[in-house]
Amino acid sequence: MELKNTPALRIEIAEVFKPLLNDTYRIKFYYGGRGGGKSYAFADSLLLKARQKKLFIACLREIQDSIKDSVYKLLCDRISAWGLNDYKIFENKIENKLTGSRFIFRGLRDQDINNIKSLEGVDIAWIEEAQTITKKSWDILSPTIRKDGSEIWISMNRENENDPLWVALANNPDERTLVRKVNYYDNPFCPDELKIQAQTCKNSNPDDYAHIWLGEPLRQGNYKLIAGYMVREAFEPKISDSSSPLIIGLDIARFGDDKTSFCFRSGRWCRRLISYQKLDNVEVANLAHNFINELHPKRIFMDIGGQGAGVYDILKDRGFGEIIRGVYFGEKARQDNRYFNRRAEMWDAVREWLSSKPPVQLPYDEELFEDLCAINKRYDRKGRLQLEDKDELKKRLGRSPDKADALALTFADPVYDNREARIYGNGNLTYNDLFSDNQRSNEW
Ligand SMILES: Nc1ncnc2c1ncn2[C@@H]1O[C@H](COP(=O)(O)OP(=O)(O)OP(=O)(O)O)[C@@H](O)[C@H]1O
Ligand SMILES: [Mg+2]
C-alpha cells in the first residue's frame, strides 16, 4: 500500500535489530543489559511494519496494572519523535489510519480465558521485560499466538540463570528462534550519560556491572546482598571503644509475632541489639525515652510505616523532636537513581559498612546473622538496587528481619562523626585472643 501524506520512511534501525524487520522467525529473542536500545528498536520496528500492511500487534508483559506500565507511552513518544501522522492514538490502543493496523496492551497474569482468546488473531506479540514472565503465562500464551506467520518478539534483561523464557527459548534455540545479545556499546544511539553510568559501575562493582550493563544473569550465590563471611568477620571483637556519636535504629513490630528491636551503633561499632515482644506504643515510647535519658543518642531513626507512627508522635510530644527521625522503608531513596526505595538504600549502607576498612564490629547474634544473610537483591528496570519483598522474606525466614532492619535504620541519614574507633592490635585478632566466651555476649 502506498503511504500518502506521511513522511518518507527514514526511521533508522541499528544493524543488530534489522532482523526484526527483514527476517522471518517464529521467535525473535533480544536480551542484554541496560541501554542496549532494545525497547526503542522494537517500538520503531513495529511502527514501521504496521505502516506497511495491516497488522494486529499485542504488547504484552506479565503484569499491567494500568496502561502506564506498558510500552504505550514509548510508542506514542516514537510516533511523535518521527512525526508519524498516520497514527491515531486512543486512550488504550494505537491505530494506523492508512493500513488499519492496531496495537493493544495487555498484562498476561490477569488474562481470563476470553481475553486470551482475543489474542488468537495477533500477527506480532511483543513481550517486554520478559524476565518477569512466568512459565505459566508462557504456556498459555505460546499456543494462543497461532496465526500462520505470526511472530513473538521478546526483549529481556536477564534476571538469573533460570528465567523461564530464557530456559524455554534461548538456552537451546531451535532453527525458528533468533537469539541476539545487545549491550549499550552495540547501541549507536546510547546517550553519553548512560555510558558514564556504565563506566562508573564497572569501576566500583564488576559483578553489578556484568549484570546490569552486560546482561549477564546474577550469578548463583550472587542474589544475596550481604555475604555470610562479612558478618562473621564483623562478629570478631576488635574495637575497644568508640567516641563516635551513638545512633539508635528502632524497628517497631508490625504484627503480633514480630519483634520491636533497638540497635545501638557508634560509628564502626554496633554495640548492642535488644528485641522485645508484644509491646504497645506507650511501652515502646517509654523504652526509647529511657534510652534517650541514659545514653544520650544523637539520633533515633524509627520506622514509621506501621505502628511506629504512634510511637513517633508520643516521643515528639514529649519534646524529643530534635533526636527522633521517622523513616518510611518504602519512600523514595535519597539517591533515587541508585536505589529502588529507602529500605534498599539503608540495607546497602549496611553492606558497605561491613566491607569498609578499618573493620567494623557487630554484637554476636545468630538471628542477626540469619537476618542479614537472608535477603535477596535484584535490580529494577532502571538498574536500581531493590530488595526482596518483606512478605516473601518473611515466608522464607519464618519471621521478619527485625534486628537487621533496626541496624539498617541506623544508616537512614548520615550523622556527623569525626571520631575514630580504637582498634585492638591490627584489627585481626580473634575473640579468643581477647575475650572469654561470656564476654562475647551482647554486653557493652
Ligand atoms: N533509535 C534511537 N534513537 C534515539 N535514541 C535511541 C534510539 N535507540 C535507543 N536510543 C537511546 O538509547 C537509550 C537506551 O535504549 P533502550 O531504552 O531502548 O534500551 P534497552 O535495551 O531497552 O535497555 P533498558 O530499557 O534496560 O535500559 C534510550 O533511552 C535512548 O536514549
Ligand atoms: Mg528497555
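Some notes on this structure:
- The stretch 254-341 - charge dipole about Cα centre, Lys and Arg +1 at Cβ, Asp and Glu -1, debye rounded to 20: 540 debye
- Judged by the mean number of other Cβ atoms found within 10 Å, the most tightly packed of the peptides 193-202, 172-181, 151-160 leads the ranking 151-160, 193-202, 172-181.
- ³J(HN,Hα), Karplus 6.51/-1.76/1.60, whole Hz, each residue of the stretch 54-69, x for Gly, Pro: 5, 10, 9, 10, 10, 9, 10, 8, 5, 10, 9, 6, 8, 4, 4, 6
- Value of relative contact order over the stretch 333-425, rounded to a whole percent, pairs C-alpha under 8 Å and six or more apart: 32 percent
- The chain - Rg over Rh from alpha carbon coordinates, Kirkwood radius: 1.08
- The angle between the Cα long axis of helix 281-295 and the longest principal axis of the Cα atoms of the chain comes to about 60 degrees, rounded to the nearest 10.
- Efficiency of FRET from Cβ geometry, residue 66 and residue 135, R₀ 22 Å, rounded to 0.05: 0.30
- Pairs of Cα atoms in the stretch 322-369 fall into 10 Å distance bins, from 0 up to the last occupied one, in shares of 23, 37, 37, 3 percent.
- From most to least packed by mean Cβ count within 10 Å, the peptides 184-191, 294-301 give 294-301, 184-191.
- Computed about the Cα centre, the dipole magnitude for the chain is approximately 1280 debye when only Lys and Arg (+1) and Asp and Glu (-1) carry charge, each at its Cβ.
- Folded to 0 to 90 degrees: helix 38-52 orientation relative to the chain principal axis, Cα: 20 degrees
- The alpha carbon gyration tensor of the stretch 14-137 gives principal lengths a ≥ b ≥ c with a/c below 1.5, which makes the shape rounded.
- Each of 333, 115, 130 was placed along the dipole of the chain (beta-carbon charges, centred on the mean Cα), and the one lying farthest toward the positive end is 115.
- Cut-off 19 Å, label 7 Å out along Cα→Cβ of residue 11, residues of the stretch 172-207 by amide N: 187-190
- Protection proxy ranking of 251-264, 129-142 - average other beta-carbon atoms within 10 Å, highest first: 251-264, 129-142
- Eligible aspartates and glutamates near residue 136 by straight Cα distance, threshold 14 Å, same-chain separation 8 or greater: 62, 110, 112, 163
- Stokes-Einstein D for the stretch 228-440, Kirkwood Rh over Cα pairs, 4 °C, 1.567 mPa s (µm²/s): 73 µm²/s
- In the stretch 15-203, Cα pairs under 8 Å separated by at least six residues give a relative contact order of 34 percent.
- Positive-end extreme of charge dipole, the chain - chosen from 21, 206, 344 (charges on Cβ): 21
- With Cα atoms, 0 to 90° folded angle of helix 72-82 axis to the chain main axis: 60 degrees
Any read-out appearing in this document is the output of simple, stated calculations on the displayed coordinates, not a laboratory observation. From a predicted model like this one, the values you see are computed outputs, not experimental measurements. Note: ideal-geometry Cβ built from the backbone for every residue, glycine included; neighbour counts use all protein chains shown.
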